[in-house]
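The values are calculated or read from the model by the stated rules, or taken from the named source; none is laboratory data. In this text the structure is predicted, and so the values were computed from the model without any measurement. No Cβ is skipped: glycine too gets one built from the backbone with ideal geometry, and neighbour counts run over all protein chains shown. Protein only, heavy atoms only, side chains kept; ligands, DNA and RNA dropped before computing areas. Shrake-Rupley method; radii C 1.70, N 1.55, O 1.52, S 1.80 Å.
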Amino acid sequence: MARGGPKLDHGRRQELGQSFQDGGEHYHRVRPGYPAESADWLVPSGARTAADIGAGTGKYTELLVARGLAVSAVDPSPDMLEQLRNSYPEVEAVEGTAEDTGLPVSAFDVVTVAQAWHWCDPLRASTEIARILRPGGILGLIWNQLDTSVPWVHRLSRIMHAGDVHKPHFRPPLGPEFAGLESHLTRWEDPVTTADVVALAKSRSYYLKANAASRARVTANLDWYLHEHLGHTEGELLRLPYLTQTWRAVRA
C-alpha cells in the first residue's frame, strides 16, 4: 500500500468529497489549471478517445480536448458538470464515479483522474477503469500541489490546511489490472493576487467543512501572512509555485 498521501478512512473520504458537490462556478474560477507538459507526457501518440474521471469543472479535460481527443467527462456533482458543459459543449458529460462510470466497455485509449484519486476506492476504481480502457490503454493520475520546497509556500500550505501535499516516496495505489507505473514532475508558477490565494483556500475541503470559527481563523491568518508578514499588497501579482505530479500505468 502506498504511503505519503492524504490519510483518509472511507467515511472521512466520503464526507470531504461531498464538500465539492456544490460551488462549481467558484471552484472553476479559483482553482489552477494544469501545465500542458503533463498531457504531452501522458497521452500516447495515436490516442483518439479519453475519459476524464472526477473531471470537476474540466480543468484537465481542457488539455485532452486541446489534443483533439474525443472526451467523456465523469463527475458525481451535477453542479460541477454544468460548469464543464458550459466551457466544453463538445464533451460528453456523465454523472458517475470512478467506481461506477456508466461508460462502455473497452471504449477509451486514455483515462485520466486529476486531483481526485485520493477520493476513490483505488481497487474498485482500478477494476472499473480497466473495464472501460482498451487493451494496452493508459491510466493517468495527476495531482497539482503547492511546491512546499519553497519556504514561504510551505508555511502558506500549513495555514491553508493543504493536506494533499505528497511525501517524496508517494506512489498512488493501483489494482492488479495495471502495470508499469511511472511518473513525471512539472514545476510551474501560477500568477495570482492575494485575494486569489484566499479564494483558493476557501475552495479546499478543510475550509468547506469547517465551522465559522475555523473559517475565520484561516482567513485572518492568511491576511496577516500575505499582507503583513510577506508584505504583499492587494492587487499585486505574485507567482505561486506548483508541482504537477503525473503518473501513468498500462492496462495489463
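Figures for the structure shown
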quantity	calculated
Net charge of neighbours whose Cβ lies under 12 Å from the Cβ of residue 63, counting Lys and Arg as +1 and Asp and Glu as -1	-2
Nearest-10 value in Å² for the accessible area of residue 85, using the 1.4 Å probe	110 Å²
Label-point gap, in nm, between residue 87 and residue 170 - each point 7 angstrom along Cα→Cβ	2.1 nm
Gaussian network model of the chain, springs between alpha carbon atoms under 10 Å - residue of 56, 136, 180 with greatest fluctuation	180
In the stretch 146-252, GluC sites (Glu not before Pro) in a DSSP loop with at most 15 other beta-carbon atoms within 10 Å	234, 236
Estimated [θ] at 222 nm from DSSP helical runs (n ≥ 4, -39500 (n - 2.57)) normalised by residues in the chain, nearest 500	-9500 deg cm²/dmol
Surface share of carbon and sulfur [accessible, 1.4 angstrom probe, percent] for the chain	50 percent
Residue of 58, 102, 140 that the Gaussian network model of the chain assigns the largest fluctuation, springs spanning Cα pairs under 10 Å	102
Relative contact order computed over the stretch 110-252 (Cα-Cα under 8 Å; 6+ residues apart), in percent	40 percent
Spin-label pair residue 219/residue 236, simplified geometry with 7 Å Cα→Cβ offset, distance in nm	2.2 nm
Percent RCO, i.e. relative contact order, over the chain, from Cα pairs under 8 Å lying at least 6 residues apart	24 percent
